[in-house]
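Structure first, then comments.
Throughout, read-outs are computed from the coordinates displayed, never taken from laboratory work. What you are looking at is a predicted structure, and each value in this text was computed from that prediction instead of being measured. Positions of Cβ are backbone-derived with ideal geometry, glycine not excepted, and every protein chain shown enters the neighbour counts.
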Amino acid sequence: MNNLFKLHLDNLQREKQPVNLVKNASDATLYIYDVISADWGVSALSVIDAITQAGDAKTLNVRISSPGGDVFESRAIMAAIARFSGNTIAHIDGVCASAATSIALACNEVVMSDGGFFMIHNAKGMAWGDKQAMRDTADLLEKIESVIVADYTGKTGKDATEIIAMMDAETWMTATEALENGFIDRIADGKAKPGNTWNLSAYANAPPPDPKEETPTEPTLVAGFFMSAANANRLRILEI
């Protein structure tokens, strides 16, 4: 199953968080608090609209709590952030995973809350067809990864070989580890520890949800994946 589709199914019960723009005299803040997707979460068009509303603000704060999503949608969001004429600051408030990491790194500064998570991994996709179609898909994924590797090496100063190894391993980093590896610029002041409230079972090495949050219902094995009973039923309906 496509990771983006599984992320969407596993988190359907979350309250939708719109890409609100809050503007003060000299700064503006927008929120990327959902899956990165044109169909199911935060879209590039919604972010572009919010940035347009920011107008002549001197600083744009981009607050992120996202498990990732569509890499092409994230590239469009990165381009919109790069076009902003003022200073841009990414604030990682919870999880910043997969496609969301490149969005964070598109900002001039990256600040991460203690207790958050930063995850990098290989690009994923689906293929249908003969052996040539499979090879073509693999080639495309490698091209996508080369662009993402360039994002990470440019920010961290690490060698591409080291970044590729971290992506191969699906590496989850705490704020301290992300700082040590050069992915963020500083850890936010204060004692807030947001933890993880997302269902991240679409990933292999994801940290468990915050135990203080509501415990999900007993998972059900469907098509080789563990899902909540509600999402399992939705998937069966979609398959029918």
Dipole of the range 35-120, positive direction: furthest Cα of G116, S74, S85, with charges on the beta-carbon: S85
Sort 129-139, 166-176 for me by packing, meaning the mean count of neighbouring Cβ atoms within 10 Å per residue, highest on top. 166-176, 129-139
What pairs from K23/K143; K131/K155; K23/K155 go past 32 Å between their alpha carbons? K23/K143; K131/K155
Ranked packing of 152-161, 58-67, most packed first, by mean Cβ within 10 Å: 58-67, 152-161
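Less than 14 Å Cβ to Cβ from I77, Lys/Arg counted +1 and Asp/Glu -1: what total charge do the surrounding residues give? Don't skip to the answer; put the middle values down first.
Working: positive: R63, R75, R83; negative: D34, D49, D70, E73, D151.
Once all neighbours under 14 Å are counted, the net charge is -2.
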